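Note sheet for the following structure.
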Amino acid sequence: MPVERTSIDGLLVVRWDTHGDERGFFRQTYQLGELEEAAGRPLVWQQGNHARSAPGVLRGFHAEPWDKLVQVVRGTAMAAIADIRPQSATFGEVASFHLGDPPGERIRLFVPDGLANAYCTYGEQDVDYLYDVTEPWRAVDKRAVRWDDPDLAVGWPVRDPIVSDADAANPTLRERFPDREWSATT
């Protein structure tokens, strides 16, 4: 099936075959019916976004209150998706994917509301990151978490990434959820 579940509840990978020849390639990026079936609910895409980042840029972790369908269409990036839903059985878990041009994969990730996504670009070229969302952008609390949170322990592909001042100032998971009980593993 082109839509695969992951170890994090609600996070889906959309994977279609790529058909290539000397002219280039063609691939389908999603079918709404299959995505809705896997998500278990209707989805209505409200806005499409395109971000271009130079090599070595890290953005995130951001968890806006809407669903996202993300992909890298040029260049290579490592995406990390963290479950920051305090009542979730997979709270604090992270799944990582290398997206885009080889050595990445040409897949899309369905990131539901409540999961935080971040990505770090690497390689020699700029990266074009496209994502569709189920709500129009509005200024809201992103429920952001620090990109280098020790509880998430992401092994980013760049040693000293370029991070915005806003992302550098994000709280850790423990700072964001101080009332949550913490085990030795989270």
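Just a few scattered comments:
- The criterion of being within 15 Å of the chain's Cα centre (by Cα), at pLDDT 90 or above, over 21 Å from Glu64 (Cα atoms) and part of a loop (DSSP other than H, G, I, E, B) holds for Trp156.
- Selection within the stretch 36-94 - more than 26 Å from Ala169 (Cα to Cα), of a type in the set (S, T, N, Q) and not in a strand (DSSP E or B): Gln46
- When the stretch 5-28 is filtered for residues that are under 23 Å from Ala82 (Cα atoms) and either surrounded by 15 or more Cβ atoms within 10 Å (Cβ to Cβ) or in contact with a Leu (Cβ under 7 Å, 6 or more places away or on another chain) (or both), the ones remaining, listed by number, are Arg5, Thr6, Ile8, Asp9, Gly10, Leu11, Leu12, Val13, Val14, Arg15.
- Residue list for the stretch 138-186, filter: within 17 Å of Ala63 (Cα to Cα), surrounded by fewer than 18 Cβ atoms within 10 Å (Cβ to Cβ) and of a type in the set (S, T, N, Q): Ser164, Thr172
- Filter result (in contact (Cβ under 8 Å) with a residue 24 or more places away in the chain and assigned to a loop (DSSP other than H, G, I, E, B)) within the stretch 115-140: Gly123, Glu124, Gln125, Asp126, Thr134, Glu135, Pro136, Trp137, Val140
- Contacts under 7 angstrom Cβ, first residue in the stretch 175-186 being of a type outside the set (D, E, K, R), partner at pLDDT 85 or above and part of a loop (DSSP other than H, G, I, E, B), 6 or more apart: Phe177/Pro86; Thr186/Phe91; Thr186/Gly92; Thr186/Asp151
The values are calculated or read from the model by the stated rules, or taken from the named source; none is laboratory data. Not measured: the values here are computed from a predicted model. Methodologically, a virtual Cβ is constructed for each residue, glycine included, from the backbone with ideal geometry; neighbour enumeration extends over all protein chains shown.
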